[in-house]
Amino acid sequence: MPVENYEKVIWLEIHVRVKSKTKMFCSCKNAVDLADEPNINVCPVCMWFPGMLPALNSEVVRLGVKAWLLMNCEINKISRFDRKSYFYPDLPNSFQTTQMYEPITWRWSVKVIVNWEVREFAIHHMHLENDAWKLIHAGGKTLADYNRAWSPLMEIVTEPVFSDKDEVMEFLKELQKMFRFGWVSDADMEKWQLRCDVNVSIRPKWEKKLGTRAELKNINSFSAIWRAIDSEFLRQVRILDSWGVIEQETRWWDDDKWVSTTQRSKEDAMDYRYFPEPDLLPVVLDDEYINQIKQEVWELPIEKRLRYLHEYKLWEDDARIITADKDLALYFDTIVELTKDPKKSCSYITTVLLSLINECNDKWWICNLKFEPSELAKVIELVNKDELSSTNSKTVIEELYKSGWSTEEIVDRLWLRQKNDLWALETIVDDVIAKLPTQIEDYKAWNQNVFGFFVWQCMKASQGAWNPKIFTELLKKKLN
Ligand SMILES: [Zn+2]
């Protein structure tokens, strides 16, 4: 059967490292960037010494609730922890503490823009769980690092709602933005703060029943997910086309070779012998607590983006660039607040300010610039009042960026202010006309081309400080 007659059905299991100060069940530092030397953020609790008991970190619950509020979901006011039993050398206590039966939230959806269209993708649930230890294989030996033992994770499980990789990409990027906006996680894939298991199944286009899925485990870059989906689709098509049967299994994606290999046949939930965690009480949340956290939830990045598109009429690319980063979006909002001019604010930020930051490639990001947002707003205000030309406005912003002086100071020190005092301008225009009687007669008789020459004479007489637009208008009025 031709490849076009098959369709993909994809769903995701996403692990996100929560950015709490301390670990999930003890007071050790939660080293989210994993940069510390091995085994320094450890204590008897997270090393699972006999007799030690876990204590749930309230910050993890708070960040979890916040993440879910960011996604407009319903909170489960009573949730519980369960033990998922399995042995692996990176899990010496032989179980993971997770939420199997009553996760802290379920059933909601995330709004995403895919190919210019707003779509919603359904989530099955999200739960909290702890991370395992880390094994380092070196010199024929295996070493254990306990730094990330009991580091908190959120696992988000989607419904089988994706039909192709562009939807998966936009969804993951939106999720990443949301978590960054809410200070819940940096969700940096390179640092393993966001990693993804991709479940892929295929079926003939006319078929309603889901095909058998293969799970591609722990992929941690957007481009690798892109390649893995393509490769898995073709592998399954080849199997079905040769009358084979697709096994339910976990596969490992090798992004150097662009192939996946069987890791193990997929276990069912039963194999993990889940049972209620006896050492932890249920998590009970009341309305007051949830309302308090609601105060910390800002406008979602997707809502901002839609507002910029519909209310401010920004271009799709600009709206995307500005909402890609929370600091940048807040900076833009501040400038618009001051200037009431979204289009110009956007264009000065994306074309002038961001290229300066990129060119200089230094430590200055939008939140630690040398000048206040009000100074950039002042530049836009002067341009709108015709007191600064748009060419000169770039010079002013470069100077703001370098020196940190105020806009007014720069405009005056560099003689960039255009003067719009009509009476003074008229005097100059009259002087110029009086000094050039022959040229004026030429102009009136036959040579319209010399008009620019008069504007130039006026600019020269005013030492370039005054507004050429007004000179042009005055000259036209007087000569015609
Ligand atoms: Zn600890």
ASP230 passes all but one of the listed conditions (1) under 27 Å from ASP82 (Cβ atoms); (2) in contact (Cβ under 8 Å) with a residue 60 or more places away in the chain; the exception is number (1)
Just the residues that are crowded, with 21+ Cβ neighbours inside 10 Å and among the β-branched types (Val, Ile, Thr), please, taken from the stretch 156-198.
ILE156, THR158, VAL168, VAL184, VAL198
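Only one residue in VAL3, VAL16 is crowded, with 16+ Cβ neighbours inside 10 Å and on the phi < 0 side of the Ramachandran plot. Which one? Please lay out each step first, then the result.
Numbers: VAL3 fails: crowded, with 16+ Cβ neighbours inside 10 Å.
Answer to the selection: VAL16.
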ARG83 fails exactly one of the following numbered conditions: (1) farther than 30 Å from ILE302 by Cα; (2) more than 15 Å from the ligand (Cβ to nearest atom); (3) out of contact with any strand residue (DSSP E or B) (no Cβ under 6 Å at 6 or more places or on another chain). What is the number of that condition?
(3)
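Among ASP230, ASP197, ASP271, which is the only one that is farther than 25 Å from ARG148 by Cα and either of a type in the set (Phe, Trp, Tyr) or at pLDDT 90 or above (or both)? Give the derivation first.
Values: ASP197 fails: farther than 25 Å from ARG148 by Cα; ASP271 fails: either of a type in the set (Phe, Trp, Tyr) or at pLDDT 90 or above (or both).
None of the others qualify; the one that does is ASP230.
Determine whether CYS46 is touching a residue at least 12 places away in the same chain (Cβ under 8 Å) and either closer than 19 Å to PRO278 by Cβ or within 16 Å of the ligand (Cβ to nearest atom) (or both). I'd like the intermediate steps shown before the answer.
Working: touching a residue at least 12 places away in the same chain (Cβ under 8 Å): yes; either closer than 19 Å to PRO278 by Cβ or within 16 Å of the ligand (Cβ to nearest atom) (or both): yes.
For CYS46, the condition - touching a residue at least 12 places away in the same chain (Cβ under 8 Å) and either closer than 19 Å to PRO278 by Cβ or within 16 Å of the ligand (Cβ to nearest atom) (or both) - is met.
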Among the candidates THR323, THR350, THR339, single out the residue that is crowded, with 18+ Cβ neighbours inside 10 Å, touching a residue at least 12 places away in the same chain (Cβ under 8 Å) and within 18 Å of GLU399 (Cα to Cα).
THR350
Tell me which of these PRO278 doesn't satisfy, since it passes every other one: (1) surrounded by 14 or more Cβ atoms within 10 Å (Cβ to Cβ); (2) assigned by TED's automatic domain parsing to the domain that holds CYS73.
(1)
Residues of the stretch 300-318 being surrounded by fewer than 16 Cβ atoms within 10 Å (Cβ to Cβ) and not basic (Lys, Arg), which ones?
GLU303, HIS310, GLU311, TRP315, GLU316, ASP317
Across the stretch 418-435, the tally of residues that are within 23 Å of VAL383 (Cα to Cα) and either surrounded by fewer than 17 Cβ atoms within 10 Å (Cβ to Cβ) or of a type in the set (Gly, Ala, Ser) (or both) stands at 7
Here are GLU59, GLU37, GLU13: which of them is away from the ligand (no atom under 13 Å from the Cβ) and in a loop (DSSP other than H, G, I, E, B)?
GLU37
Extreme residue, nearest to the ligand (Cβ to nearest atom), among residues of the stretch 16-28 that are within 13 Å of ARG62 (Cβ to Cβ) and of a type in the set (Lys, Arg)
LYS21
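The values are calculated or read from the model by the stated rules, or taken from the named source; none is laboratory data. Not measured: the values here are computed from a predicted model. Here Cβ is always computed from backbone atoms with ideal geometry, including for glycine, and neighbour counts include all displayed protein chains.
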